[in-house]
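Novice: I am attaching a structure below and will ask some questions about it afterwards.
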Amino acid sequence: MKKLIETLKNCWRIEDLRQRLLITLLFTAIYRFGSFVVLPGINPGMLEKLQQQTSGGLMSLLDMFSGGAFSNASIFALGIMPYISASIVMQLLAIAVPYFQKMQREGESGRKKISQYTRWLTVGILFFQAPSYLINLKMQAGGALASGINWVWFMAASSIILSAGSMFILWLGERITDKGVGNGISLIIMIGIIARLPQAFVQELTSRFTAISAGGLVMFIVEIVILYAVVCASILLVQATRKVPVQYAKRLVGNKQYGGARQYIPLKLFAANVMPIIFAQALMFIPLAIVQYNSDNASWLVQNLLNNRSVLYNVIYVFLIIAFTYFYTAITLNPTQMAEDMKRNNGFIPGVKPGKETAEYIETIMSRITFPGSLFIAFIAVMPALASLLNVQEAFSQFFGGTSLLILVGVVIDTLQQIEGHMLMRHYDGLLNSGHTRSGAVSAY
């Protein structure tokens, strides 16, 4: 504890780091404050039905990623997710469309163009999602609307406000990245998720002691132990994005030496990082957008697809994660290009001929290590559904795995790394002296 206090004092002594931390705290506080600013013409005391709707299923995930702004009918109700969806679409276009591929190879100017296209696509998504959200708001909490309000004008004005709110969140995230600590957009997502933790913790603790068959303190302790194990597994997942099994790493080495050290081919156990979960989750939100948040009259199939604890939902979710893991690995690692680069640099794999055989060998190794990696990611992703078997409250079960837990772990490690980097440059001891996270981490975005 004494060492931790001293480390925090050292953080405060570094002027640049102190300013960055204060800016980060200020912008995140602005974001949290905006999550409680209700749309004009809405009575916040009459949103009980909307809040009940967002207490389970995919709606609870939307509310969690928005930090509760969705159920508060806030100006930030749509959150940062429209921008994340637009970014995913642009990444896929950069892979499949030659025009965007060329743009991506143009360096900084190309990235600026892609960033501009992403913003325009975000605006387009917002002007589709905002009216859908308002229609659902009217259906769920029509009594919250001010009496005598003109629905057409309210729809038009509120759509603009919701869209502007999401773009303002994007601006806050970019300012945090530039002038604060950590990846701003990732931090905003993390803040929204972690804001739900205290309430979910209290609800779970209360339910264990009030329900007769809940198991009381013993079951609550079991939950905490399982949660701790899942967090540790998620940390290992983040760390393993840079590792390859030793038996393969020993063979995947070229004969060319740089500074007396042999060079290893940069294969990773989780080359796709957490992107497969993010891609799969985005696709699983599609049925929700089709029914425009109202699933009361939906078919059995749609209702199961909107229930993130149903068997059908999780089977499809696992399948998408595995498929996207292979897809994302294939587009980020090109065995043929790696084999050509090795041959050009006079490198080779012992016992394997350069060229085509080397490419086939690398592809075989990647297939072998991608499959168990995809299964592990899928297991972490469906842990919230498995937690329901222990009768864990849905709000608390979201922290047992899935996108939310991986985002929390990745963003925390990434932010701590940046803080440690500032401290080490000033010859102070870092926050992470063990060195477990000094070689890179995974951000949510």
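The values are calculated or read from the model by the stated rules, or taken from the named source; none is laboratory data. All values reported here derive from a predicted model rather than from experimental measurement. Positions of Cβ are backbone-derived with ideal geometry, glycine not excepted, and every protein chain shown enters the neighbour counts. Ligands, DNA and RNA are excluded from the accessible area calculation, which covers all protein heavy atoms including side chains. Shrake-Rupley method; radii C 1.70, N 1.55, O 1.52, S 1.80 Å.
Novice: With every protein chain kept in place and ligands, DNA and RNA left out, what is the accessible area per residue of segment 59-217? Probe 1.4 Å, answer in Å².
Specialist: Details: 7000 Å² over 159 residues.
With the other protein chains kept in place, segment 59-217 gives 44 Å² per residue.
Novice: Right, something else. For segment 21-97, which whole-number percentage of the solvent-accessible area (1.4 Å probe, protein heavy atoms only) is attributable to carbon and sulfur atoms?
Specialist: Here it works out to 71 percent.
Novice: Right, another one. Over 25 Å between Cα atoms: which of 102/353; 102/179; 112/179 fall into that group?
Specialist: Check vs 25 Å cut-off fails for 102/353; 102/179.
Novice: While we're on this one: How do the peptides 126-133, 311-318 rank, highest first, by the average count of neighbouring beta carbon atoms within 10 Å per residue?
Specialist: Details: 126-133: 18.6, 311-318: 16.2.
In descending order of packing, they fall as 126-133, 311-318.
Novice: Could you derive backbone 3J(HN,Hα) for segment 131-138 from the dihedral phi with the Karplus parameters 6.51, -1.76 and 1.60 (θ = phi - 60°), listing whole Hz in sequence and x where the residue is Gly or Pro?
Specialist: With coefficients 6.51, -1.76 and 1.60, one gets x, 4, 5, 5, 5, 5, 4, 5 Hz.
Novice: Figure the gain on full extension for residue 33 and residue 15 (residue separation times 0.36 nm, minus the Cα-Cα span) and round it to one decimal in nm.
Specialist: Full extension of this stretch gives 3.8 nm more.
Novice: How far apart, in nm, are two points set 7 Å out from the Cα along the Cα-to-Cβ line at residue 156 and at residue 55?
Specialist: A separation of 3.8 nm, rounded to one decimal place.
Novice: While we're on this one: Solvent-accessible area per residue for segment 310-354 at a 1.4 Å probe radius, Å²?
Specialist: On the way: 2550 Å² over 45 residues.
Per residue, segment 310-354 has an accessible area of 57 Å².
Novice: Local charge sum around residue 200 (other residues, Cβ-Cβ under 12 Å, Lys/Arg +1, Asp/Glu -1)? Please report the intermediate quantities before stating the final value.
Specialist: Numbers: positive: 196; negative: 63, 204, 223, 394.
With Lys, Arg at +1 and Asp, Glu at -1, the neighbours total -3.
Novice: In addition: For residue 9, which aspartates and glutamates qualify as cross-link partners when the Cα separation must be under 14 Å and same-chain residues fewer than eight apart are set aside?
Specialist: Within the straight-line cut-off, residue 9 pairs with 420, 429.
Novice: Right, next: Local charge sum around residue 104 (other residues, Cβ-Cβ under 10 Å, Lys/Arg +1, Asp/Glu -1)?
Specialist: Taking every Cβ under 10 Å from that of residue 104, the sum is +3.
Novice: Right, next: Please report, to two decimal places, log10 I(q)/I(0) for segment 331-406 at q = 0.13, 0.15, 0.24, 0.26 Å⁻¹ as given by the Debye formula with identical point scatterers on the Cα atoms and no solvent.
Specialist: -0.57, -0.63, -0.99, -1.07
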